[in-house]
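Okay, so here's the structure we're looking at.
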There are 2 protein chains.
Amino acid sequence: MVSVEHPPPATAADTIQTALSVHKAVIVIGNCLVEYKGRASSKLESGERIVIIKEDGSVLVHRPTDYSPVNWQPPGCLFQTEVIKDKLKIRAIRRKPKEAITIVFDKIYLLVLLSLVDEGEFSLYASEEDMQKAILANPSLIEQGFRPITYEKKVEPGFVDVYGIDQNGKFVVVEIKRKTASKDAVLQLQKYIESIKGTVQRDVRGILVAPDVAKGVQPLLYKLALEFKPLSPRRCAEVLSSVRTQKLSEYFKGLPEL
Amino acid sequence: MVSVEHPPPATAADTIQTALSVHKAVIVIGNCLVEYKGRASSKLESGERIVIIKEDGSVLVHRPTDYSPVNWQPPGCLFQTEVIKDKLKIRAIRRKPKEAITIVFDKIYLLVLLSLVDEGEFSLYASEEDMQKAILANPSLIEQGFRPITYEKKVEPGFVDVYGIDQNGKFVVVEIKRKTASKDAVLQLQKYIESIKGTVQRDVRGILVAPDVAKGVQPLLYKLALEFKPLSPRRCAEVLSSVRTQKLSEYFKGLPEL
DNA sequence: GAGTGGATTTCGCAT
DNA sequence: ATGCGAAGTCCACTC
């Protein structure tokens, strides 16, 4: 790791170009302008920012506040550095979609060159997929006697999260949301049920699984004769922790055949 | 701006705590573990990363690749630093939703303290809102004789982007997408039309405005008797550039009353 | 404070 | 490659 305070622009330009060519990451802190043209266009007037260029060719321009970068470029950019009138100009270009950002520094406070090594594994729990897995692994989370038949079943308007039979032999369509379910979720579920009702003779129940429902959703559920089963992603992650495997399809093994 | 290479953990802890208390930004580069618990949970094993803590209490943990941070915290966090067994532990906590990330550094390569000043104005062109404005300012972008009546009109399933009358007095519902329109966009438009047809006696046309449509959308449009008007955000931004005002409502002024 | 929809969304998976 | 939907989405705006 190399860090240089207040490097002259020419030095900075060379250093950055070299670093990028050997796939090192670069951090530049200083006063700059940014322009973007591509899917949209943007202009950012002069100010002090943190710019990160990663070894995969992604770019981030961060202002002093906010979670999200004010300008950026996803991985895969080509770079070009240049000194114009004592200013450092960095241009990052992407094909497909064709777009580019141009960053012009008139002051550079700090330049950092890095070669980070990061083999650490990242695992995330309690996604919607985890909820799906938990239900397949432990169908009684829905209700006593529920038996899943398929997951991600294709019906005309889209894909049903989980599809199964209840203890009375009725078909059950399960729609899963990891957050408070909105009106949209209910309408989606309704669409699936309509679609399935058109193809089978049996009764079809619809169950919305979510930690909560938005206001005004409860009456809608009642009106459409759909059911709600409260279930949090956290709870699902716990249930899953004892039987966690890799793929969703693994959870499907051994489900009762219709 | 202060940058320190390889600071001892105790010094780093104090420095960071002080910096955060006076709302300075901090960058820490080193080898760390990250754990997150809140809306979901995650664990990130040991590796070298760039951590940015901004003055507004947002946190970013960046790996050597990728546009998006592997872990983060939106603005408004409270911080706590600590040294345990020669390791620097940083904890960022947020209420509402209740969540926290914990970052433990066992090696610190670089510590940077910053007080960035950034008053630069940011402007973005060619968003979906720009397309809406362009159409209101120049209705013939849709077709000869089209007259907008309202925008963001509330109908049961949601909001209609632009609503108007064609030269034959038929109602027109316009759905705008700034990217290739998917099946979803068409179904949304269809929902609006159904809803409006239920309340008026006149014919209602549906026009999907987008730079392009996804494969399989064309037949769907035909089947539902909807129309497609190709229009790019870029083109709209150009049209708009000559008449750009501030608010969407400004473009609505002087629209013909029904 | 909750609900709704856009984003230069990004990301991942399936076709 | 394209399409489709989820995301610890974030964010701004409305009610």
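Of the conditions (1) surrounded by 15 or more Cβ atoms within 10 Å (Cβ to Cβ); (2) part of a helix (DSSP H, G or I), B:Arg205 fails just one. Which one is it?
Going through the list (1) surrounded by 15 or more Cβ atoms within 10 Å (Cβ to Cβ); (2) part of a helix (DSSP H, G or I), B:Arg205 breaks only (2).
Return yes when A:Pro75 is within 11 Å of chain B (Cβ to nearest Cβ), within 16 Å of A:Leu20 (Cα to Cα) and within 16 Å of DNA strand C (Cβ to nearest atom) and no when it is not. Working first, answer last.
Numbers: within 11 Å of chain B (Cβ to nearest Cβ): yes; within 16 Å of A:Leu20 (Cα to Cα): yes; within 16 Å of DNA strand C (Cβ to nearest atom): yes.
Yes, satisfied.
State yes or no: is A:Val2 more than 8 Å from chain B (Cβ to nearest Cβ), more than 12 Å from DNA strand C (Cβ to nearest atom) and buried (at least 16 other Cβ atoms within 10 Å of the Cβ)?
Against the criterion (more than 8 Å from chain B (Cβ to nearest Cβ), more than 12 Å from DNA strand C (Cβ to nearest atom) and buried (at least 16 other Cβ atoms within 10 Å of the Cβ)), A:Val2 does not qualify.
Tally up the residues in the range A:208-231 that are touching a residue at least 24 places away in the same chain (Cβ under 8 Å) and in a loop (DSSP other than H, G, I, E, B), please.
Residues that pass the stated criteria total 7.
For the range B:96-126, which residues satisfy the criterion of being among the polar types (S, T, N, Q) and surrounded by fewer than 16 Cβ atoms within 10 Å (Cβ to Cβ)?
Selection gives B:Ser115, B:Ser123.
Pick from the range A:114-160 the residues that are more than 16 Å from A:Pro230 (Cα to Cα), in contact (Cβ under 8 Å) with a residue 24 or more places away in the chain and at the interface with chain B (Cβ under 9 Å from one of its Cβ atoms): which of them is nearest to DNA strand C (Cβ to nearest atom)?
Restricting to residues being more than 16 Å from A:Pro230 (Cα to Cα), in contact (Cβ under 8 Å) with a residue 24 or more places away in the chain and at the interface with chain B (Cβ under 9 Å from one of its Cβ atoms), the top hit is A:Gly158.
Given the condition surrounded by 20 or more Cβ atoms within 10 Å (Cβ to Cβ) and facing chain B (nearest Cβ under 7 Å), answer yes or no: does some residue in the range A:13-26 qualify?
Checking the range A:13-26: at least one residue is surrounded by 20 or more Cβ atoms within 10 Å (Cβ to Cβ) and facing chain B (nearest Cβ under 7 Å).
If you go through the range B:73-85 one residue at a time, do you hit one that is within 13 Å of DNA strand D (Cβ to nearest atom) and out of contact with any Gly (no Cβ under 6 Å at 6 or more places or on another chain)?
The answer is yes, given that some residue of the range B:73-85 is within 13 Å of DNA strand D (Cβ to nearest atom) and out of contact with any Gly (no Cβ under 6 Å at 6 or more places or on another chain).
Residues A:Val204, A:Val213: which one is within 21 Å of A:Gly145 (Cβ to Cβ) and more than 14 Å from every other protein chain (Cβ to nearest Cβ)?
A:Val204
Does B:Gly38 qualify as being more than 8 Å from chain A (Cβ to nearest Cβ), crowded, with 18+ Cβ neighbours inside 10 Å and within 11 Å of B:Ala92 (Cβ to Cβ)?
For B:Gly38, the condition - more than 8 Å from chain A (Cβ to nearest Cβ), crowded, with 18+ Cβ neighbours inside 10 Å and within 11 Å of B:Ala92 (Cβ to Cβ) - is not met.
Would you confirm whether or not the range A:91-113 contains a residue that is acidic (Asp, Glu), touching a strand residue (DSSP E or B) at 6+ places or on another chain (Cβ under 8 Å) and either within 14 Å of chain B (Cβ to nearest Cβ) or away from DNA strand C (no atom under 16 Å from the Cβ) (or both)?
yes
The conditions are (1) crowded, with 19+ Cβ neighbours inside 10 Å; (2) within 12 Å of chain A (Cβ to nearest Cβ); (3) more than 14 Å from DNA strand C (Cβ to nearest atom), and B:Val186 fails exactly one of them. Which is it?
Every condition holds for B:Val186 apart from (3).
How many residues are within 22 Å of the chain's Cα centre (by Cα) and either surrounded by 15 or more Cβ atoms within 10 Å (Cβ to Cβ) or at pLDDT 90 or above (or both) if we restrict to the range B:159-173?
3
Please give the number of the condition B:Ile52 fails out of (1) more than 16 Å from DNA strand D (Cβ to nearest atom); (2) within 18 Å of A:Ser115 (Cα to Cα).
For B:Ile52, the failing item is (1).
Within the bounds of the range B:77-86, is there any residue that is closer than 23 Å to A:Ile27 by Cα and surrounded by 21 or more Cβ atoms within 10 Å (Cβ to Cβ)?
Scanning the range B:77-86 turns up no residue that is closer than 23 Å to A:Ile27 by Cα and surrounded by 21 or more Cβ atoms within 10 Å (Cβ to Cβ).
The values are calculated or read from the model by the stated rules, or taken from the named source; none is laboratory data. Small disclaimer: the values here were computed from a predicted structure and weren't measured. With ideal geometry, Cβ positions are generated from the backbone for all residues, glycine too; neighbour counts draw on all protein chains shown.
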